[in-house]
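*Asks:* For reference, the structure I am asking about is given below.
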């Protein structure tokens, strides 16, 4: 089986080709190509993604990226078994570009089309790099638009244990980075500058919310950093950007790690996985690994290239979904606020 | 104009809730305030006042969140859009002149595309005050909204 996948939910135009044996297991999967055309440079001047600019860029880029992915995989269109694409959540104009391209391919080649949930795809990036990983496990999906703690009971069977009540983790990184005068995207910028800072310099608040809750809240933390900066500024105090960045990052990581491990213990699973752009954060990986080890919990995460938006993860969901549930209808609409349950 | 001071996020949310109870289809609220001022907190209150269930999270990433209730609430965040031309491309007019209530965060970035009649709400942290103190400045444009803030100020002062 050869599955092509398309991802255009935000600012990356991505296409990948995956080969599978047809078994319901990640063991025989072989990622043949994974092409990502990033728009980060384009959006950096705006300090974030501008939807209309993103959509237009996707339109210009999608065909060349499809061609490149096929070429790199050493396959041609008639070799493709099925085509998968993200249909949400994401920016509606951006999602539509990849979704329409996928449907067009499905019709032209007379092959199945599979609509993929972007959050589910992030989790499945783990299967591509850990062929022995099997459900059930707890997965923390953290990115610019999402902070979800999910129990992956089986392929295609999920329970959302918690989600953000205000800002997504990556959004907090972006906004605090902007307040600190750092570059977009904020996640990598804070990760980098924090390496030279003291994470205990400022004790920013951690929002654990009510006991037993797996939800997140990062808005209060963001406010606290902004207040700290304003006070320092009006008092003429000199601030250390590395110290504040590291202290902010520590507060985010602390809550993410704590809730993820509590969720693993509630679900009696010895495995937790990370996914999404923020999963590339070095401090989060390190801290989760250390604290999980103390409890005998195994931690999996994808390499950075499969954490940020990519289409390899879309092909992976496409593969399992085709085997389990079959194809999606061709009138499947783009769904900007699609949820997992 | 009506100015009210709150001493905690809960109080800010409460003022939002009282405002939310007075809203009717077609109403537009522009929220203005720096990062962390409490715009999303205020919107959470509005949603409660409109009897909308579910989490009100920041729409920064997807720009518009639609919440269905007695009246639909369209929660818009133009943080990442700095020019009116950018925001027009997301089809904002359909919402502004539609059947629901529009709450638009970072309204000061796109004033020229907002309807002449609306309620502008500025939330700020007064210099030198405790971290949780906020000054909420509610400014009506048009007769309908002038009536609304008269009612709001009487309810808010009664404290029920």
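The values are calculated or read from the model by the stated rules, or taken from the named source; none is laboratory data. From a predicted model like this one, the values you see are computed outputs, not experimental measurements. Glycine also receives a Cβ, built like all others from the backbone with ideal geometry; neighbour counts cover every protein chain displayed.
*Asks:* For residue A:299, all conditions in the list (1) more than 18 Å from the chain's Cα centre (by Cα); (2) in a strand (DSSP E or B) hold save one; what is the number of the exception?
*Replies:* (1) is the only condition that residue A:299 fails.
*Asks:* Name every residue in segment B:90-107 that is over 22 Å from residue A:338 (Cβ atoms), away from every other protein chain (no Cβ under 14 Å) and touching a residue at least 40 places away in the same chain (Cβ under 8 Å), in order of residue number.
*Replies:* Those that are over 22 Å from residue A:338 (Cβ atoms), away from every other protein chain (no Cβ under 14 Å) and touching a residue at least 40 places away in the same chain (Cβ under 8 Å): B:96, B:97, B:98, B:99, B:101, B:102, B:103, B:104, B:107.
*Asks:* Does segment A:264-277 contain at least one residue that is within 14 Å of chain B (Cβ to nearest Cβ), touching a helix residue (DSSP H, G or I) at 6+ places or on another chain (Cβ under 8 Å), under 17 Å from residue A:123 (Cα atoms) and crowded, with 24+ Cβ neighbours inside 10 Å?
*Replies:* Yes, because at least one residue in segment A:264-277 is within 14 Å of chain B (Cβ to nearest Cβ), touching a helix residue (DSSP H, G or I) at 6+ places or on another chain (Cβ under 8 Å), under 17 Å from residue A:123 (Cα atoms) and crowded, with 24+ Cβ neighbours inside 10 Å.
*Asks:* Which of (1) in contact with a strand residue (DSSP E or B) (Cβ under 6 Å, 6 or more places away or on another chain); (2) on the phi < 0 side of the Ramachandran plot is the odd one out, the single condition residue A:276 does not satisfy?
*Replies:* Residue A:276 satisfies every listed condition except (2).
*Asks:* Could you tell me how many of the residues in segment B:101-113 are in contact with a strand residue (DSSP E or B) (Cβ under 6 Å, 6 or more places away or on another chain) and crowded, with 21+ Cβ neighbours inside 10 Å?
*Replies:* 6
*Asks:* Residue A:298 passes all but one of (1) closer than 22 Å to residue A:145 by Cα; (2) touching a residue at least 24 places away in the same chain (Cβ under 8 Å); which number fails?
*Replies:* Just one mismatch for residue A:298, condition (1).
*Asks:* Report yes if residue A:237 is in contact with a helix residue (DSSP H, G or I) (Cβ under 9 Å, 6 or more places away or on another chain), within 24 Å of residue B:134 (Cβ to Cβ) and more than 14 Å from chain B (Cβ to nearest Cβ), otherwise no. If you could, list the steps in order and put the result at the bottom.
*Replies:* Values: in contact with a helix residue (DSSP H, G or I) (Cβ under 9 Å, 6 or more places away or on another chain): yes; within 24 Å of residue B:134 (Cβ to Cβ): yes; more than 14 Å from chain B (Cβ to nearest Cβ): yes.
Yes: the conditions hold for residue A:237.
*Asks:* Moving on to the next point. Please give the number of the condition residue B:43 fails out of (1) more than 7 Å from chain A (Cβ to nearest Cβ); (2) surrounded by 22 or more Cβ atoms within 10 Å (Cβ to Cβ); (3) out of contact with any strand residue (DSSP E or B) (no Cβ under 7 Å at 6 or more places or on another chain).
*Replies:* All conditions are met except number (3).
*Asks:* Right, here's the next one. Step by step: first the residues of segment B:116-146, then only those that are part of a loop (DSSP other than H, G, I, E, B), in contact with a helix residue (DSSP H, G or I) (Cβ under 9 Å, 6 or more places away or on another chain) and farther than 15 Å from residue B:33 by Cβ, then the one that is modelled with the highest pLDDT. Which residue is that?
*Replies:* By that ranking, first place goes to B:117.
*Asks:* Determine whether residue B:12 is touching a residue at least 12 places away in the same chain (Cβ under 8 Å) and in a helix (DSSP H, G or I).
*Replies:* On the way: touching a residue at least 12 places away in the same chain (Cβ under 8 Å): yes; in a helix (DSSP H, G or I): yes.
The answer is yes for residue B:12.
Okay, residues lined up against (1) surrounded by fewer than 18 Cβ atoms within 10 Å (Cβ to Cβ); (2) modelled with pLDDT under 95; (3) within 11 Å of another protein chain (Cβ to nearest Cβ); (4) closer than 26 Å to residue A:89 by Cβ:
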site: B:31; (1), (2), (3), (4): no, no, no, yes
site: B:38; (1), (2), (3), (4): no, yes, yes, yes
site: B:64; (1), (2), (3), (4): no, yes, yes, yes
site: B:68; (1), (2), (3), (4): yes, yes, no, yes
site: B:76; (1), (2), (3), (4): no, yes, no, yes
site: B:88; (1), (2), (3), (4): yes, yes, yes, yes
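*Asks:* Follow-up. For the condition buried (at least 21 other Cβ atoms within 10 Å of the Cβ), closer than 20 Å to residue A:337 by Cα and away from chain B (no Cβ under 14 Å), what is the one hit in A:115, A:156, A:145?
*Replies:* It is A:115.
*Asks:* Being within 25 Å of residue A:289 (Cβ to Cβ) and either within 11 Å of another protein chain (Cβ to nearest Cβ) or in contact with a helix residue (DSSP H, G or I) (Cβ under 7 Å, 6 or more places away or on another chain) (or both) is the filter here; which residues of segment A:207-234 pass it?
*Replies:* A:207, A:208, A:214, A:215, A:216, A:217, A:218, A:221
*Asks:* Which of the helices (runs of 4 or more DSSP H) contained wholly in segment A:100-218 include at least 3 residues that are in contact (Cβ under 8 Å) with a residue 24 or more places away in the chain and within 27 Å of residue A:26 (Cα to Cα)?
*Replies:* In segment A:100-218, A:118-129 are the helices (runs of 4 or more DSSP H) which contain 3 or more residues that are in contact (Cβ under 8 Å) with a residue 24 or more places away in the chain and within 27 Å of residue A:26 (Cα to Cα).
*Asks:* May I pose another question? Filter segment B:46-58 down to the residues that are within 13 Å of chain A (Cβ to nearest Cβ) and crowded, with 22+ Cβ neighbours inside 10 Å, then identify the one that is nearest to residue B:13 (Cα to Cα).
*Replies:* B:47
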